[in-house]
1. Does Gly147 satisfy the criteria of being in contact with a Lys or Arg (Cβ under 8 Å, 6 or more places away or on another chain), open to solvent by 10 Å² or more (accessible area, probe 1.4 Å) and at pLDDT below 85?
2. Which condition number does Thr168 fail, the rest of (1) at pLDDT 90 or above; (2) open to solvent by 10 Å² or more (accessible area, probe 1.4 Å); (3) closer than 18 Å to Ile65 by Cα being met?
3. Let me confirm something: among Phe183, Phe198, which residue is at pLDDT below 95, farther than 27 Å from Lys26 by Cβ, among the hydrophobic types (A, V, I, L, M, F, W, C) and part of a strand (DSSP E or B)?
4. Could you pull out every one of the strands (runs of 3 or more DSSP E) wholly within region 20-124 that has 2 or more residues that are at pLDDT below 95, surrounded by fewer than 17 Cβ atoms within 10 Å (Cβ to Cβ) and among the hydroxyl-bearing types (Ser, Thr, Tyr)?
5. What are the pairs with Cβ atoms under 7 angstrom where one residue, in region 23-45, is farther than 30 Å from Thr207 by Cα and the other, located anywhere, is assigned to a strand (DSSP E or B) and at pLDDT 90 or above? Sequence gap at least six, or different chains.
Amino acid sequence: MKIRTVLLVGVVLLMGKSAFAQEYSKLEIPVDYSYARGNGANIAPFSLNGGGGGIVYNFNRFFGIKGDLQGYGSTTRVFSNLVVVNPLISNTVIPQVSVNGNLFTYMGGPQLRLPTHTFKPFAEFLFGGAHTNTYTNLVKATGSTVGPNNNAFAMAIGGGFDIRVSKTISIRPFQMDYLLTRFGTSLIPGGNHNQNNFRYMAGINFTFGE
């Protein structure tokens, strides 16, 4: 009886260890909705809606490399009493101007996960580039021929969690990142090379190779 009990416990422990060892997927493909809150120069913060996706290759239960692409559709903003530096004349005050702009980010970097079964938290550190025409359109709308850069360095730090519903599908209800971009906005008083933004994402994470 004792031998049988010992063998049974051993089998249970072995199965548990084996299941835990396989508790990660080699490949993840997240698809998401994304909301970005922009904060640039001395203009009022603005909101952007969009989405995108990415791909993650996991080397083990804890560590993977992620590629991330996000796009935010064009939106029109009306700015009142905007002061813009024009290199040809003195500072210009524009009573009202309408500007259309978008934002795209393309980044990659490490992703860290806790090897849990159903509730699966993660953290990420991504860096790469961003593209927008918002600041260039804003300056050019004032009559200046010189505008900030359309392309810039971008970095995102944050994390979230997935809820596993099947072997290949997880729901991602929450992800929040601090998003740094470095568009040159020195032509707008109070502007600098750094814009401190944040983004929220939610969607579905497809997993393969478990």
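The values are calculated or read from the model by the stated rules, or taken from the named source; none is laboratory data. Because the structure is predicted, anything quoted here is derived from the model rather than measured. Cβ sites come from the backbone with ideal geometry, for glycine too, and all protein chains shown count toward neighbours. All accessible areas refer to the heavy atoms of the entire protein, side chains included, with ligands and DNA or RNA removed. Shrake-Rupley method; radii C 1.70, N 1.55, O 1.52, S 1.80 Å.
1. yes
2. It is condition (3) that Thr168 fails.
3. Of the residues listed, the single one that is at pLDDT below 95, farther than 27 Å from Lys26 by Cβ, among the hydrophobic types (A, V, I, L, M, F, W, C) and part of a strand (DSSP E or B) is Phe198.
4. Ranges flagged: 63-84, 92-113.
5. Taking only residues 6 or more apart or on different chains, the pairs are Gly38/Asn197; Asn39/Asn197.
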